Every structure is written in C-alpha cells, then in structure tokens.
Amino acid sequence: MSQSVCILGVTGSIGQSTLKILEQHPEQYSVYAVSAYSRIQELGEICKQYRPKVVVVPAAKVDELQQLLKAKKINNIEILADEAGLITVAEHPDVDVVMAAIVGAAGLLPTLAAVKAGKRVLLANKEALVMSGDIMMQAAKDHQALLLPVDSEHNAIFQCLPQNYLQILRNGEPQLGVQQILLTASGGPFLNFGLEQLKTVTPAQACKHPNWSMGQKISVDSATLMNKGLELIEACHLFSIKEHFVTVVVHPQSIIHSMVQYVDGSTLAQMGNPDMCTPIAHALAWPERIQTHVPALDLFTQSRLDFQEPDLVRFPALKLARQAMKIGGLAPAILNAANEIAVAAFLKQQIAFLDIAQVVEHTLNHVQNGVAESIDSILQTDQLARQVASQRITQLES
C-alpha cells in the first residue's frame with residue numbers, strides 16, 4: 001500500500017534527496033504536501049513534476065506561487081501560508097510520513113504537530129529536539145509517533161543499537177550492554193587551521209564543506225563544530241542518554257557515520273559513502289530496506305580511516321553545547337537561538353568567524369535559565385536569547 005509523504009523544506013538538500021528516493025519507488029510513496037520558504041521557482045518545478053495536493057509558503061510568496069502555477073497550467077493544488085499552514089499539513093489525516101527538514105527553530109511547531117498526530121516523523125531538523133527535547137520525546141511516547149533520525153550520525157547510532165533499544169526505559173543510563181556512543185565529526189573545512197588563520201576565514205570558505213553538500217547555515221555550524229554540539233544534544237534526547245556517555249570523535253573521511261561501544265569490548269560502526277539518501281531511505285522504509293542510487297562503499301579505494309579528538313580551544317562551540325546539555329532546562333534553546341543569530345551575522349560579514357562562539361557564550365551567560373516546562377516558555381526564551389545575541393553583535397560591530 002502506498003504511503004503519502006509530507007516534505008517540510010522540500011527545496012533544501014534534504015528535501016531534494018527525499019524526492020530522489022520517492023521517485024525511485026513510485027509504487028510505495030506519493031507526495032501529498034510540500035513546503036518551501038524562498039525558492040519559489042524551484043517549488044514550481046517540483047509542483048509540476050510531483051503534483052502535491054497541498055503546498056505551504058510564506059504569506060508574502062502566495063501570489064507569486066499562484067501566478068507561477070497558473071503559467072504552468074497546474075490546477076488543483078491548495079496553497080496554505082506560514083506556520084499555521086505547516087502545522088495543518090504536518091498533522092493532516094491523509095499524511096502517513098512527515099519529513100521534518102525545515103532548518104532552525106522554525107521547524108519546531110510543525111514537527112511537534114506531526115508527532116502529536118502520531119505520524120512516522122523523519123527528523124532532519126535537529127533544532128526541534130535541541131530546543132524542546134523532553135517535550136518532543138514525551139509527545140512521541142504519548143501519541144505513539146515513530147520518531148526516526150535522519151541525520152547521518154543519529155541514523156548510524158540507531159542502526160548500531162540493539163533492535164528494541166528505544167522501547168525500554170533508560171533514564172539516561174546506557175542499557176542492554178551499551179557502554180557509550182561515539183558521535184563522529186568530519187571536523188569541517190577548517191580542521192587543520194590554526195587560531196590565527198581562523199580569525200580571517202570568510203563565509204565562502206566556511207560554506208565549502210569537504211565531504212557533504214549542505215545549506216549555508218549547517219555548513220557554518222559544521223565549520224565551528226556547533227553542528228556536532230547540536231547533534232550531541234539531539235543524541236542525548238533521542239537515545240535517552242546522559243551527555244557524558246556521548247564522545248565526539250573527529251573522523252575526516254566521513255565514512256564511518258557513528259559508532260556504539262558495548263561492555264564486551266565490541267564497537268559497532270555504520271559505514272557508507274557520504275550521501276544523505278542512505279539515512280533518508282533507511283528511515284523511510286524501516287524496518288525494511290529499499291534501494292537507493294548511492295553506490296556501495298568501495299573499501300579498496302578507502303585506503304585509510306583517521307580519528308582524532310576535537311580541539312576545544314579552536315572550536316569552543318562544541319564545549320558550549322555540552323555545557324548547555326549538562327545544565328539542561330532552557331540552556332539548549334538559548335544556545336540554539338544565539339547560534340542562529342550569530343551564524344546569520346557571520347554570513348552577512350557583520351562579525352568574524354571566531355565571534356560566533358563568543359556571541360553564544362555571552363548569550364548563555366546573560367539569559368536566565370529555567371525549566372523547559374512548555375513550548376510557550378521555550379519560545380519566549382528563544383526570542384529573548386535572539387535579542388541578547390543581536391545586542392552583542394551590535395557591540396562587536398562598533
């Protein structure tokens with residue numbers, strides 16, 4: 001029986017990879033709804049090819065999309081707007097699977113709506129869990145949603161854990177013989193740069209990732225290692241494990257996507273070529289496997305695999321993320337909000353690369369932490385953190 005899929009963030013790299021897989025398996029999957037933020041021309045082409053029933057765009061883009069669909073002689077597509085539209089499609093009764101691939105805090109409420117509607121949610125938006133991990137995981141349990149990780153690292157961990165690991169009560173301690181999780185990091189484009197070199201790197205350099213093709217924001221996060229910090233927080237929530245059981249390992253080749261160590265001395269690793277289609281296909285079809293166009297790993301061309309410890313002096317963002325997870329409460333939401341503002345400022349060349357972590361640390365020190373008891377309290381703190389981070393950026397500029 002065919003499953004209908006809603007892709008939130010269809011014009012991004014994850015959305016595009018998802019479409020590739022759905023195209024390979026037309027008998028198993030159909031596109032019910034898609035959303036996009038700014039790339040309306042690309043969205044028009046997607047509508048022409050996949051004919052979704054519903055499309056969501058910002059209110060300011062509705063007219064442009066209507067004109068485009070009219071010009072392409074595409075009828076019968078309902079257009080919804082803004083966050084309300086995203087929530088409507090995420091929880092729609094005709095949707096079986098939701099790909100949550102909107103970047104940043106904007107993905108939080110639609111993802112939560114999909115979880116509360118008991119969907120199979122393919123989680124590519126790590127910020128949703130970073131901001132509201134406890135609430136999101138509790139909602140998944142209460143509404144029997146299947147929350148499956150799409151980030152290559154978390155998907156790898158999921159594949160390496162015992163099969164029923166997520167079903168048992170864990171309370172932060174590893175169970176079923178698991179000793180620790182090894183979260184791999186490529187190290188980004190500046191792995192071998194000294195502190196002096198890092199002072200003058202440009203947004204163009206930061207967005208040029210050696211192994212992965214990603215959007216600007218996640219590319220900068222990868223360059224500062226904040227991406228790995230956010231993934232560490234995400235792993236703690238997804239696998240209900242305390243942060244000191246998660247070790248970050250720099251592995252420049254991005255062939256081993258992550259590992260799980262067991263008490264008997266075993267280390268299980270999931271390996272593959274760096275292509276997001278593999279984890280997306282795994283999460284789409286789990287517990288089955290479906291074919292992708294990704295070639296199998298050729299071990300003969302991979303002559304070496306390197307591993308090293310992350311340097312927290314050159315890349316302090318990782319240390320800040322670990323501290324935020326350890327403190328708990330609203331600290332991860334503060335960290336995430338400040339980072340989003342700082343990365344945007346760096347991309348506009350308002351601040352230097354090393355200022356990103358400085359802005360985040362300043363914000364963590366100046367926004368009061370509290371209990372993340374509701375989505376409202378999280379969103380209020382998110383807004384406050386953004387204001388504090390913006391003020392700090394203004395100070396640094398002057």
**Fill in**
So the FRET efficiency between N273 and Q308, C-beta based with R0 = 22 Å and rounded to 0.05, is 0.55
**Complete:** Quick calc, I290 & T247: beta-carbon distance into FRET formula, R0 30 Å, rounding 0.05, result 0.40
**Request:** Using the structure shown, list the pairs from K48/K119; K53/K348; K53/K116; K72/K116; K208/K348; K61/K141 with a Cα-Cα distance above 28 Å, or answer none.
**Result:** K53/K348; K72/K116; K61/K141
**Item:** Share, in percent, of DSSP beta bridges within segment 152-312 that are antiparallel, nearest 5
**Value:** 60
**Prompt:** How large is the helix-only mean residue ellipticity at 222 nm for the chain, computed as the sum of -39500 (n - 2.57) over DSSP H runs with n ≥ 4, divided by its residue count, in deg cm²/dmol to the nearest 500?
**Reply:** -13500 deg cm²/dmol
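Rounded to the nearest 0.05, what FRET efficiency do A204 and A84 have when you use their Cβ-Cβ distance and R0 = 35 Å? Kindly include the intermediate steps, with their values, before the conclusion.
Details: r = 36 Å, r/R0 = 1.04.
Here the calculated transfer efficiency is 0.45.
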**Fill in**
Note on the chain: C-alpha Rg/Rh, Kirkwood Rh, two decimals, gives 0.95
**Complete:** Bridge orientation stat for the chain from DSSP, antiparallel percent rounded to 5, came to 25
**Message:** Taking the number of other C-beta atoms within 10 Å as the exposure measure, put T111, T247 in order starting with the fewest.
**Reply:** T247, T111
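What's the exposure ranking of C160, C6, going from fewest to most Cβ atoms within 10 Å?
Going from sparsest to densest Cβ surroundings: C160, C6.
Every read-out reported here was derived from the displayed coordinates using simple, explicitly stated rules and does not represent laboratory data. Note that the structure is a prediction, hence the values are computed from the model and not measured. FYI the Cβ positions are ideal-geometry reconstructions off the backbone, even for glycines, and counts take in every protein chain you see.
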